[in-house]
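Written below as structure tokens is the structure these notes are about.
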Amino acid sequence: QVQLVESGGGLVQAGGSLKLSCAASGLSFSHVAMGWFRQAPGKEREFVGAINRIGAGTLYADSAKGRSTISRDSAKNMVYLILNNLIPEDAAIYYCAARNGPWGKVRREEYDFWGQGTQVTVSS
């Protein structure tokens with residue numbers, strides 16, 4: 001059974017930083033590409049970033065570019081998202097996702113497995 005479990009969310013002041021983690025189990029971690037998405041109340045789930053199987057390639061949404069870093073640790077079956085210089089518009093539930101097949105996909109429909117999400121709140 002595939003499980004993705006996010007952690008690290010919380011309340012942070014605008015301008016601050018957070019490191020989100022995603023623990024993967026029940027899958028061949030080195031064979032899946034990973035992505036991060038977020039969903040704010042009343043909005044569609046949107047792409048934040050993605051990382052390829054070996055961690056050598058990353059892709060970011062324009063809203064995250066320059067402020068975010070995605071990495072993965074295959075020894076620990078973990079993927080991370082660092083968010084810097086947070087703004088109120090970054091407040092959302094953040095989800096990690098895994099997909100078999102090519103990496104770098106930006107549509108939620110293209111991911112096979114999802115976590116339950118972790119809440120990020122940004123105070124202004």
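The values are calculated or read from the model by the stated rules, or taken from the named source; none is laboratory data. Quick caveat: nothing in here was measured; it's all calculated off a predicted structure. Don't worry about glycine lacking a Cβ; one is built from the backbone with ideal geometry, like all the others, and counts go over all protein chains shown. For the accessible areas, the whole protein counts, side chains as well, though only heavy atoms, and no ligand, DNA or RNA atoms are used. Shrake-Rupley method; radii C 1.70, N 1.55, O 1.52, S 1.80 Å.
The table below lists the values:
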quantity: Computed label-point distance, nm, for sites LEU11 and ARG108 using a 7 Å Cα→Cβ extension; calculated: 2.7 nm
quantity: Mean accessible surface per residue for the chain, computed with a 1.4 Å probe while every protein chain stays in place, in Å²; calculated: 51 Å²
quantity: Förster radius 22 Å - calculated FRET efficiency between THR69 and HIS31, Cβ distance, rounded to 0.05; calculated: 0.45
quantity: The stretch 19-124, accessible surface, carbon-and-sulfur percent (1.4 angstrom probe); calculated: 49 percent
quantity: Residue-by-residue Karplus 3J(HN,Hα) for the stretch 80-89, coefficients 6.51, -1.76, 1.60, Hz, glycine and proline x; calculated: 10, 9, 9, 10, 10, 6, 5, 10, x, 5
quantity: Charge sum, other residues only, whose C-beta stays under 15 Å from ARG72's C-beta, Lys/Arg counted +1 and Asp/Glu -1; calculated: +2
quantity: HN-Hα J in Hz across the stretch 35-50 - Karplus 6.51, -1.76, 1.60, θ = phi - 60°, x for Gly and Pro; calculated: x, 10, 10, 9, 9, 8, x, x, 10, 6, 5, 10, 5, 10, x, 8
